[in-house]
Every structure is written in C-alpha cells, then in structure tokens.
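For reference, the structure is listed below as structure tokens.
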Amino acid sequence: MLARKLKWMLLARLLGSAVIAGLLADFGGSVWATLSVLIFVLADAPLLALAYALARKNRSPAPSELRPDAAQAFASALREWANFFVLFTILQPFERFFMGEDARFDSCVRVEAGATPVLLAHGYCCNRAVWWWMRRRLHAKGLVVATVNFEPTFGDIDIFAEQLRARIDSVLAETGAEKLTLATHSMGGLVARAYLRRYGDAKVAALVTLAAPHHGSLLARLGIGLHARQMEPDSAWLSELAAAKITIPVVAVWSVSDEFVAPQDSARWPGAREHVLAAHDHMSMVFSDRVAAIIGDAALEATVAARVNARNETLSAVG
C-alpha cells in the first residue's frame, strides 16, 4: 500500500534532514533546527526542478496568451511545490485519516433516478487521498462522489483497469445508478481507457481526463514499474490502447505548464471537448476550482442526457 511506503519515506526524510543539518551546522542548536526544517521542506525541490527542466525542453507549441510570463510561471511552480508537499507528506501517507476509515472505498448514498455519481481515479504513484480537496468541493455541489485505489504501487495498468471495473460495479450497486461519470487524473485516464477497451461503456456516461498522458510522456522513461513503461511515448501498449474507439462524451483537460506530461499536448484526445489551462501545473489540477467546475458540469450533462434518454424511451414504449 502506497500510504505505508510514504510513511516510511517520511520517517527517512525526517531523520535524513536532521542528520544532514547536523553535519552542516556542526550540531549547533537553533541553526541545526532551522536547517533541518528547510531541508525537510525543500526535499521535493530537486525532483520538481528536474521535471520542469525536462518538460520545458520538450514542451509543445501553445498560443502566446496561454504562456505564463516569468512571474506567473514562478508563482505557478511555487504553488505546485506546495501542493506536492501537502500531497506526499501529509494527505497520502495518512490516507485513512483524511479519506475515512475504509482505506479502499468510500461510502455512497442512493441517487435520484437518472443521476450519475462521480468516480475519481488517481494517477501514477498516488492514492485516493489526492482527491481530498476535490471530493469536498464536488460534495458541496451536491454530487455523490466515490474514489478508488490502484494497487500495487508499481503495477500494470491493465490490472488497475480490472480494479476500476470492480469499483464501478460497487458504486452503481451502492447508489442505484445505472451509469456514472469517471473523472481521472494523470495515469488514471489511461486506466479508464483500458477499462473502456475491455468492458465497454455500458456503465460509464462520460469521461473527464485531467493531465492524462494519452500519447505518453517523456518523463515516464524516468519512472519505475511496468505502468511507467506503458506510458512511454510510442509504447506498444499505448498503440494497442489507441486502436480502441471511445463513443461516450470525453472532456480532456490539460495545461501548457504541466511539468510531468511532456510534451504537454500529449494530454489532448481526438474528438474530446478540450479545456486548455494556463498556470495549472500537474498536481495543482486536483486543487483547482476551475477543474472542479468542469467535472461538475460533465456530471450534470451526463445526468440530463440520461434523463432525456429515459423519457424518450418511455414515450416510445407508450407510443
């Protein structure tokens, strides 16, 4: 389980920060404490700096009005670092605390006829706690929301698709809905597409992908695990996935400043309704009011479409 791994990493980070600070400060009281905190807090900075450097080197063309200036780019990167820190040192290591006692599934309530609950699927080396803020935001919009964990941490996207199938079935059984809206982040978009290729779209009304590497990401070459190999550009797995057609409505959300999907327009999907964002870096999308509105609108549209179809079927039967 990722949460357990992150707890051990958090402990190692705490001890490492203390030791390194002690060596640098010669174990001098307040200086040691200050350096320890700085080293602990900034430990993610080298990884993010590498990601930004590679993403910038391989960035895709974008309209000039979407390109942030130096000040906007710095502010966006600073916000991304803060979100990254919160996700990987606070929320995800303590998933049970922030997301509820059931570490794997959320409790769902029954929905009105035709309503579509929302199922949130996380990305690479994450767990469902990435949705802590988004789930609260969507709940505030009156939506029924569930999440799922994909395991093991370094696994196979096709196995994750089977886990997604099981979760979709359980959400529909718990809510009484006939279909749901899938909203995904990063690798979760590929898991959703792998599910649709294998099981079809009978139980999914719409798909929203946030920063999904539909055509692969060059940074996947630095990743660990089979799923990282599957996400490499031009991988055989991606080629097979691309051959499967998607007939349900798809909304593709991507950002010109994404530091983990490179080139950034790899997150585009042919035929999808697009939302191209500026100053929304990769992890920051799951803390975005604008993204929450996009997911909420997609779920509402799916509900309206389902109710219209149900009414038309009723009228046809009566006629």
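Of Cys126, Cys108, how do they rank once you tally other Cβ atoms within 10 Å and put the fewest first?
Ascending number of Cβ neighbours within 10 Å: Cys108, Cys126.
Can you pull the three principal axis extents for the Cα set of the range 76-168, in Å, largest first?
Largest to smallest, the principal-axis extents are 43, 32, 26 Å.
Ranking Tyr195, Tyr52 by Cβ neighbours within 10 Å, fewest first, what do you get?
Tyr52, Tyr195
Only counting other Cβ atoms within 10 Å, I'd like Thr184, Thr175 sorted with the fewest neighbours first.
Least crowded to most crowded, the residues run Thr175, Thr184.
Counting residues in the range 96-308 as N, plug N into 2.2 N^0.38 Å and put the Cα Rg over that result.
Working: Rg = 15.7 Å, N = 213, 2.2 N^0.38 = 16.9 Å.
Here the Cα radius of gyration is 0.93 times the empirical estimate.
Within a Cβ distance under 15 Å of Leu6, other residues only, what is the Lys/Arg minus Asp/Glu net charge?
That works out to +3.
If the cut-off is a Cα-Cα distance under 25 Å, which lysines reach Lys245, setting aside same-chain residues fewer than 8 apart in sequence?
Lys179, Lys203
Every read-out reported here was derived from the displayed coordinates using simple, explicitly stated rules and does not represent laboratory data. A quick note: this is a predicted structure, and the numbers were derived from the prediction, not measured. Cβ atoms come from the backbone with ideal geometry, glycine included; neighbour counts cover every protein chain shown.
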